[in-house]
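K.L.:
Got a structure for you, questions after.
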Amino acid sequence: QVQLVESGGGLVQAGDSLRLSCAASGRTFGTYAMGWFRQAPGKEREFVATISRSGGVTYYADSVKGRFTISRDFAKNTVYLQMNSLKPEDTAVYYCAADTSSWGRFNEYEYSYWGQGTQVTVSS
């Protein structure tokens, strides 16, 4: 089992950057692929990015490709989401999640553990 705590959200202007962090408890961090999802008001939760168990493979939603970067630090048991060139449509609650697969998947229902979320608001 792993517990996840997100941080780093906030209110920024369009074009700004933010880095989200997701700290994982326990010694099993390296056994999970990790993902970031987001949910905007009135919308379903959607996939943002995922990183493999090893950290060597990443995938991104088309809407964030080229602007967001997912990474993980095994020494700190933390996964990051670097968000650049933010747009108002990036406004959402961002969640990190742990997946028992090796590669990370796009479907939220495949993820076993979730953080509580962190709010990102981008003003125009």
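The values are calculated or read from the model by the stated rules, or taken from the named source; none is laboratory data. Bear in mind the structure is a predicted one, so any value in this text is a computation, not a measurement. FYI the Cβ positions are ideal-geometry reconstructions off the backbone, even for glycines, and counts take in every protein chain you see. We work out accessible area using only protein heavy atoms, side chains counted, and drop any ligands, DNA or RNA first. Shrake-Rupley method; radii C 1.70, N 1.55, O 1.52, S 1.80 Å.
K.L.:
For segment 41-57, give me each residue that is in a strand (DSSP E or B) and surrounded by fewer than 18 Cβ atoms within 10 Å (Cβ to Cβ).
P.N.:
46
K.L.:
Also, quick follow-up: When you go through 38, 19 one by one, which is the residue that is of a type in the set (Lys, Arg), open to solvent by less than 70 Å² (accessible area, probe 1.4 Å) and touching a residue at least 40 places away in the same chain (Cβ under 8 Å)?
P.N.:
Only one candidate passes the filter, namely 38.
K.L.:
May I pose another question? Residue 85: of a type in the set (S, T, N, Q) and under 17 Å from residue 4 (Cα atoms), yes or no?
P.N.:
Details: of a type in the set (S, T, N, Q): yes; under 17 Å from residue 4 (Cα atoms): no.
Spelling it out, it is not the case that residue 85 is of a type in the set (S, T, N, Q) and under 17 Å from residue 4 (Cα atoms).
K.L.:
Something else now. Would you mind stating whether residue 64 is assigned to a loop (DSSP other than H, G, I, E, B) and either open to solvent by 70 Å² or more (accessible area, probe 1.4 Å) or closer than 18 Å to residue 22 by Cβ (or both)?
P.N.:
Criteria met by residue 64.
K.L.:
Next up: Inspect all residues belonging to segment 22-31 and state whether any of them is surrounded by 13 or more Cβ atoms within 10 Å (Cβ to Cβ) and either touching a helix residue (DSSP H, G or I) at 6+ places or on another chain (Cβ under 8 Å) or basic (Lys, Arg) (or both).
P.N.:
No; the residues of segment 22-31 include none that is surrounded by 13 or more Cβ atoms within 10 Å (Cβ to Cβ) and either touching a helix residue (DSSP H, G or I) at 6+ places or on another chain (Cβ under 8 Å) or basic (Lys, Arg) (or both).
K.L.:
Still on this structure, please answer the following. Just a yes or no: is a residue in segment 101-124 of a type in the set (S, T, N, Q), touching a helix residue (DSSP H, G or I) at 6+ places or on another chain (Cβ under 9 Å) and exposed (fewer than 13 other Cβ atoms within 10 Å of the Cβ)?
P.N.:
Yes, the conditions are met somewhere in segment 101-124.
K.L.:
Taking interchain pairs and intrachain pairs at least six residues apart, which have beta carbon atoms under 7 angstrom, with the first residue in segment 85-113 and farther than 22 Å from residue 9 by Cα and the second in a loop (DSSP other than H, G, I, E, B) and basic (Lys, Arg)?
P.N.:
The qualifying pairs are 99/105; 102/53.
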